[in-house]
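So the structure is just underneath, and the comments pick up after that.
The values are calculated or read from the model by the stated rules, or taken from the named source; none is laboratory data. Predicted model only: the values in this text are computed from it and were never measured. All Cβ positions, glycine included, derive from the backbone under ideal geometry; neighbour counts span all protein chains shown. Just the protein is used for accessible areas: all its heavy atoms, side chains included, with ligands, DNA and RNA removed. Shrake-Rupley method; radii C 1.70, N 1.55, O 1.52, S 1.80 Å.
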Amino acid sequence: MLWRQLFGEARTRVLTIYILTMLGVIVVAIPIFHRLLFNYIDTRVREDLTEELEDFQSAYKLWAATAETSERDLKNFIGDFIDMSRPEDDNIHIFLVDGEFYRANPPGLPKEMHLNSDLRKQWLNLSDYGDLNTLSPLIDRGEQSSSDPKVGNIIYKVVALNKDNQRQGLFILVHLTAGERAEALIGVYLFASIALGVIIISFCLAWVSSYQLFTPVRALANTARTISESNLSERLDIEGKGELAILASSFNSMMDRLQSAFESQRSFINDASHELRTPITIIQGHLELMGEDPEDQQETLNLVMDELDRMGRFVNDLLLLTKSERPDFLRLETIEIAALSEEVLHKARALAHRNWQVDNRGIGKMVGDRQRITGALLNLVNNAVQHTQESDTIEIGSEVDRDNVLLWVRDTGEGIFPHDQKRIFDRFARAGHHYRRSEGLGLGLPIVQAIVNAHAGRIELSSQRGMGSKFTLIFPLD
């Protein structure tokens with residue numbers, strides 16, 4: 001259970017993926033390192049062989065310039081050279097005189113170089129070539145594998161010992177690769193062991209140190225567990241910068257939106273319930289008290305129909321607000337702005353007796369939903385009618401600037417208090433905090449707001465108590 005919990009943690013999974021990646025890299029790197037190391041050793045071995053061959057060449061030239069050509073003199077030279085020279089580790093100096101093995105340094109030879117071995121026959125069968133009194137490499141670079149792990153591969157250079165155009169013998173410089181390659185394998189093993197140890201230690205240290213790093217994630221989980229419909233006030237403490245701080249900030253912003261949405265939903269349900277309860281209560285009460293008098297019945301019927309009509313408008317407004325969030329809410333078309341202003345003014349005159357005026361007529365076209373925009377302006381006009389008297393003026397205007405189309409409704413009515421100007425676009429809100437201040441249901445301005453938002457526009461409100469109000473709808477021209 002403990003192991004399952006440990007491997008269930010995000011930090012363990014992240015570090016495990018990292019460790020597996022590093023192990024994969026090491027698995028690929030080890031054979032590459034092995035090959036490069038062996039190539040380096042082979043290159044160095046051949047360089048050492050070349051140096052030893054040059055030393056022998058110098059000694060042989062000096063002897064050949066002064067000595068006789070007899071076999072005895074050559075053997076004396078070989079004996080003196082063997083006594084004075086010290087081959088490098090795993091190197092062997094072999095001398096063949098008149099086709100027979102004469103001496104080697106060190107004297108012990110692997111079985112691959114014994115009397116009847118294929119390698120020795122190969123050396124003896126080499127043809128003579130070269131200049132007088134010079135070393136003539138018959139094979140500059142040769143190599144043969146061995147089945148003996150103590151020998152490894154045999155790398156050799158063969159030169160002819162010539163004097164007076166006659167071959168007197170062969171000098172074979174041999175290197176056995178087993179020793180240095182065994183040391184190289186130890187290096188590869190140490191590399192793999194150290195790398196594995198470093199990875200394991202790094203994993204443990206990172207796993208412990210990452211506990212503090214994942215503190216914001218645990219705080220996020222703990223906070224999420226404490227959140228419920230009745231408790232949306234929990235927030236995360238934001239510390240430092242980086243992805244986790246951004247995560248905490250995003251979580252807090254999300255909770256602010258959720259809390260606002262829940263509170264708006266709760267308020268919406270309460271207000272909608274109140275709006276529906278009132279006409280239902282009125283209808284129920286009048287139906288219960290309705291007598292047999294035809295006039296009384298007709299009066300009750302008229303009142304019931306009026307309340308039902310009001311409930312129908314209320315439901316239609318709610319449906320409109322719901323549809324405003326759908327992508328097919330708008331039916332776009334090209335609109336003549338001046339004609340739109342005239343149409344709205346013509347319809348507005350039928351609402352009430354006011355001093356109707358056109359403040360300005362914008363010249364140009366825009367793309368939008370003609371019916372929705374007309375409905376938004378008529379909502380503003382109806383709102384202005386409810387807060388003005390017959391002697392007041394209501395102006396309808398439009399204007400086109402470089403980037404936007406401005407449509408506005410201005411009245412000289414009672415105006416709006418500053419503290420009400422921010423809340424009147426909320427659903428069921430009314431200016432002055434009087435629930436029955438107007439005949440509307442408190443959904444007119446939210447509907448206007450929804451229509452403008454659907455067109456990617458905005459609303460500006462300018463109002464002063466006792467001086468009237470001006471609502472301006474601003475739509476992008478493009």
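Kindly provide the set of residues from the range 174-186 that are in contact with a helix residue (DSSP H, G or I) (Cβ under 7 Å, 6 or more places away or on another chain) and either among the charged types (D, E, K, R) or surrounded by fewer than 13 Cβ atoms within 10 Å (Cβ to Cβ) (or both), ordered by number.
E180, R181
Of all residues in the range 438-466, which are open to solvent by 70 Å² or more (accessible area, probe 1.4 Å) and either over 21 Å from I394 (Cβ atoms) or at pLDDT 90 or above (or both)?
Those that are open to solvent by 70 Å² or more (accessible area, probe 1.4 Å) and either over 21 Å from I394 (Cβ atoms) or at pLDDT 90 or above (or both): N453, A456, R458, E460, S462.
Looking at the structure I just gave you, is L378 of a type outside the set (F, W, Y) and out of contact with any helix residue (DSSP H, G or I) (no Cβ under 8 Å at 6 or more places or on another chain)?
no
Quickly run through the range 303-333 and pick out the residues that are within 43 Å of the chain's Cα centre (by Cα) and at pLDDT below 80. First the steps, then the outcome.
So in the range 303-333, the residues within 43 Å of the chain's Cα centre (by Cα) come out as 318-333.
L318, L319, L320, L321, T322, K323, S324, E325, R326, P327, D328, listed by residue number.
Go through R370, R361 for me and flag whichever is under 23 Å from G457 (Cβ atoms), under 51 Å from the mean Cα position of the chain (by Cα) and free of Cβ contacts under 8 Å to residues at least 60 places away in the same chain.
Of the residues listed, the single one that is under 23 Å from G457 (Cβ atoms), under 51 Å from the mean Cα position of the chain (by Cα) and free of Cβ contacts under 8 Å to residues at least 60 places away in the same chain is R370.
Please enumerate the residues belonging to the range 372-399 that are open to solvent by 50 Å² or more (accessible area, probe 1.4 Å) and either of a type in the set (V, I, T) or outside any helix (DSSP H, G or I) (or both).
Within the range 372-399, Q389, E390, S391, E399 meet the criteria.
Every residue in the range 339-366 that is within 19 Å of K470 (Cα to Cα), aliphatic (A, V, I, L, M) and not in a strand (DSSP E or B), please.
L340, V344, L345, A348, L351, A352
For F425, which of the numbered conditions (1) touching a helix residue (DSSP H, G or I) at 6+ places or on another chain (Cβ under 7 Å); (2) aromatic (F, W, Y); (3) outside any loop (DSSP other than H, G, I, E, B) fails to hold?
(3)
Against the definition (under 29 Å from A261 (Cβ atoms), in contact with a helix residue (DSSP H, G or I) (Cβ under 9 Å, 6 or more places away or on another chain) and at pLDDT below 85), how does D369 come out, yes or no?
no
Residue-by-condition table, conditions (1) among the aliphatic types (A, V, I, L, M); (2) surrounded by 11 or more Cβ atoms within 10 Å (Cβ to Cβ); (3) in contact with a Lys or Arg (Cβ under 7 Å, 6 or more places away or on another chain); (4) within 28 Å of G187 (Cα to Cα):
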{"position": "I92", "(1), (2), (3), (4)": "yes, yes, no, yes"}
{"position": "L96", "(1), (2), (3), (4)": "yes, yes, no, no"}
{"position": "E100", "(1), (2), (3), (4)": "no, no, no, no"}
{"position": "N105", "(1), (2), (3), (4)": "no, yes, no, no"}
{"position": "K121", "(1), (2), (3), (4)": "no, no, no, no"}
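For I200, which of the numbered conditions (1) at pLDDT below 80; (2) open to solvent by 30 Å² or more (accessible area, probe 1.4 Å) fails to hold?
(1)
Out of everything in the range 156-206 that is assigned to a strand (DSSP E or B) and among the basic types (K, R), what residue ends up being nearest to P107 (Cα to Cα)?
The selected residue is K157.
Could you give me the residue pairs with C-beta distances under 9 Å whose first residue belongs to the range 156-168 and is farther than 16 Å from G99 by Cβ and modelled with pLDDT of 70 or more, whose second residue is open to solvent by less than 10 Å² (accessible area, probe 1.4 Å) and of a type in the set (F, W, Y) wherever it lies, and which are 6+ apart or on separate chains?
Filtered contacts from the range 156-168: Y156/W123; K157/F171.
From F191, F171, which residue is in contact with a Phe, Trp or Tyr (Cβ under 9 Å, 6 or more places away or on another chain), at pLDDT 75 or above and open to solvent by 70 Å² or more (accessible area, probe 1.4 Å)?
F191
Mind checking which residues of the range 215-259 are at pLDDT below 70, surrounded by 13 or more Cβ atoms within 10 Å (Cβ to Cβ) and not in a helix (DSSP H, G or I)?
Hits for the range 215-259 are L236, I238.
Would you be able to say whether some residue in the range 42-65 is farther than 30 Å from I200 by Cβ, outside any helix (DSSP H, G or I), at pLDDT 80 or above and of a type in the set (S, T, N, Q)?
no
Residue under question is D55, and the condition is that it be in contact (Cβ under 8 Å) with a residue 60 or more places away in the chain, of a type outside the set (A, V, I, L, M, F, W, C) and surrounded by 10 or more Cβ atoms within 10 Å (Cβ to Cβ); does it hold? Spell out the reasoning first.
Details: in contact (Cβ under 8 Å) with a residue 60 or more places away in the chain: no; of a type outside the set (A, V, I, L, M, F, W, C): yes; surrounded by 10 or more Cβ atoms within 10 Å (Cβ to Cβ): yes.
Here the answer is no, as D55 does not meet what is asked.
Among the residues in the range 296-313, are any in a helix (DSSP H, G or I), surrounded by 15 or more Cβ atoms within 10 Å (Cβ to Cβ), touching a Lys or Arg at 6+ places or on another chain (Cβ under 9 Å) and of a type outside the set (S, T, Y)?
Checked against the condition, which is being in a helix (DSSP H, G or I), surrounded by 15 or more Cβ atoms within 10 Å (Cβ to Cβ), touching a Lys or Arg at 6+ places or on another chain (Cβ under 9 Å) and of a type outside the set (S, T, Y), the range 296-313 yields no hits at all.
Looking only at residues in the range 127-155 that are modelled with pLDDT of 65 or more and part of a strand (DSSP E or B), which one is nearest to D42 (Cα to Cα)?
Going through the qualifying residues, I end up with I155.
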